[in-house]
Ligand code: FAD
């Protein structure tokens, strides 16, 4: 090796889990090395995930919203779209955040090594860095290597017309006809972007609902809106084969919507696979399961006492806010603080148009598992604010424990649902009940008062001025 480094804590992977863990450990006085294979920190989330997708989705939402103003006597000409500027605008947001992270690392004296790291021994990682090999010995290690998009064997993934989410975020063009394989959050978010830009979208989903796992009432409200915007939503349908031809990607469908079609572009968004198998973890004795997940306890500790793992690679919902919280716990445990990853819930948000957000128990789960609940549902068609913004498709649903009246779960669909769900997460963590939420004075007219109204509906005492 050309260079030897010793670290009290080495963090492998510079995504939201990794950089949060590194910064927290440094703040707690530990000497930290952060290894990231790509030139910029931030991982999937900042570079090719949460942040660039939301920058594009904001643009898409405005394009769609502009169309709703016809009823107020304002019409706009169809948008003129310059993809190069759009891409540059999105990249600028990403760059600002990732360079910010580099500055924060420097400030904390976190040593960042760019290169791919692999275990070589129980207390040593080897890094193929740009300017030679680096050997890092460590007291503690935090594995934060994240996940990658799942590919389907036999699909022409090498053809540039067959995209994963990273390719789709590059918006190389606006296809006339586009197929989205997989109706989960990532697929539907990218579909929102391309539909707003003018592509004709088909979505194909194996399960009998979009966004499997989400409450059906919420998904129905979303579906009602996107059905009008997309060509076809094919549920209970499987892509049997996909072939690249010179005039398009030929797809054969099996199941409820059996048939064939040709597309200019296809987005494959059928899930993400953990990167746990790529680290030579066995050299350190770290257990990796058959899927590539690394099992951990509530301290984020693997089966090896001085090696921790966090984020997408440990399983559970693959979400940035889960990764960052786990990162803090791992760093604090290493520093000797009594930390534990023990959230009552991890909220999920689809930044589609309308947005879909949920947390805690869903009604689908409650029914499947025979959990008793009371519910309060407030349709946004009765919200003055929702009507004022021409968006009455929304819904706020709260579930309560019939005995204690404490909140068990919440689901919201409508514009800004992702912002609104935060209040219900706090309510759950604080053990708030129906009355706490119903009697808290919410500002009028807002969308957040629909949470208060839903609690009052459950309580059977809605009297407010809508
Ligand atoms: P990652 O972000 O995957 O980071 C892992 C890092 O480790 C990467 O930078 C990788 O290069 C590096 N690495 C891997 N192996 C090595 C190695 N051997 N050596 C050195 N470096 C290595 N989540 C949300 O909460 N909200 C959203 O809105 C959202 N939107 C998304 C949109 C898209 C299109 C995608 C794909 C994902 C989205 N996610 C979202 C999920 C979110 O991006 C992930 O949950 C999050 O990035 C996981 O963080 P992480 O730190 O575990 O891993």
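The values are calculated or read from the model by the stated rules, or taken from the named source; none is laboratory data. All of these numbers come straight from a predicted model, not from anything done at the bench. Don't worry about glycine lacking a Cβ; one is built from the backbone with ideal geometry, like all the others, and counts go over all protein chains shown.
One line per residue, one yes/no per condition, for (1) touching a residue at least 60 places away in the same chain (Cβ under 8 Å); (2) within 16 Å of the ligand (Cβ to nearest atom); (3) more than 17 Å from the chain's Cα centre (by Cα):
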position	(1), (2), (3)
191	yes, yes, no
202	yes, no, yes
232	no, no, yes
242	yes, no, yes
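Is it the case that residue 175 is loosely packed, with under 15 Cβ neighbours inside 10 Å, away from the ligand (no atom under 15 Å from the Cβ), farther than 28 Å from residue 316 by Cα and at pLDDT 95 or above?
So residue 175 does not fit the description; no.
For the stretch 377-396, indicate whether the set of residues that are assigned to a loop (DSSP other than H, G, I, E, B), over 21 Å from residue 223 (Cβ atoms) and either without any contact (Cβ under 8 Å) to a residue 40 or more places away in the chain or under 16 Å from the mean Cα position of the chain (by Cα) (or both) is non-empty.
no
Based on what the data block shows, is residue 13 in contact (Cβ under 8 Å) with a residue 12 or more places away in the chain, in contact with a strand residue (DSSP E or B) (Cβ under 8 Å, 6 or more places away or on another chain) and either within 11 Å of the ligand (Cβ to nearest atom) or within 27 Å of residue 171 (Cα to Cα) (or both)?
Taking the combined requirement at face value, the residue satisfies it.
Confirm whether residue 21 is more than 11 Å from the ligand (Cβ to nearest atom), part of a helix (DSSP H, G or I) and crowded, with 22+ Cβ neighbours inside 10 Å.
For residue 21, the condition - more than 11 Å from the ligand (Cβ to nearest atom), part of a helix (DSSP H, G or I) and crowded, with 22+ Cβ neighbours inside 10 Å - is not met.
Of the numbered conditions (1) surrounded by fewer than 17 Cβ atoms within 10 Å (Cβ to Cβ); (2) in contact with a helix residue (DSSP H, G or I) (Cβ under 7 Å, 6 or more places away or on another chain); (3) within 23 Å of residue 357 (Cβ to Cβ), residue 165 fails exactly one; give the number of that condition.
(1)
When you check residue 226 against the structure, is it assigned to a loop (DSSP other than H, G, I, E, B), under 21 Å from residue 352 (Cα atoms) and either away from the ligand (no atom under 16 Å from the Cβ) or modelled with pLDDT of 95 or more (or both), yes or no?
no
Test residue 147 against the criterion of being in contact with a strand residue (DSSP E or B) (Cβ under 9 Å, 6 or more places away or on another chain), closer than 22 Å to residue 23 by Cβ and at pLDDT 95 or above, and give yes or no.
Spelling it out, residue 147 is indeed in contact with a strand residue (DSSP E or B) (Cβ under 9 Å, 6 or more places away or on another chain), closer than 22 Å to residue 23 by Cβ and at pLDDT 95 or above.
Any chance you could count how many residues in the stretch 376-385 are touching a helix residue (DSSP H, G or I) at 6+ places or on another chain (Cβ under 7 Å) and closer than 13 Å to residue 412 by Cα?
Of the residues in that region, 4 qualify.
Any idea which of (1) in contact with a helix residue (DSSP H, G or I) (Cβ under 9 Å, 6 or more places away or on another chain); (2) closer than 30 Å to residue 391 by Cβ is the one residue 367 doesn't satisfy?
(1)
For the stretch 103-168, which strands (runs of 3 or more DSSP E) that fit wholly inside it have 2 or more residues that are closer than 22 Å to residue 26 by Cα and more than 15 Å from the ligand (Cβ to nearest atom)?
Per the criteria, 132-143.
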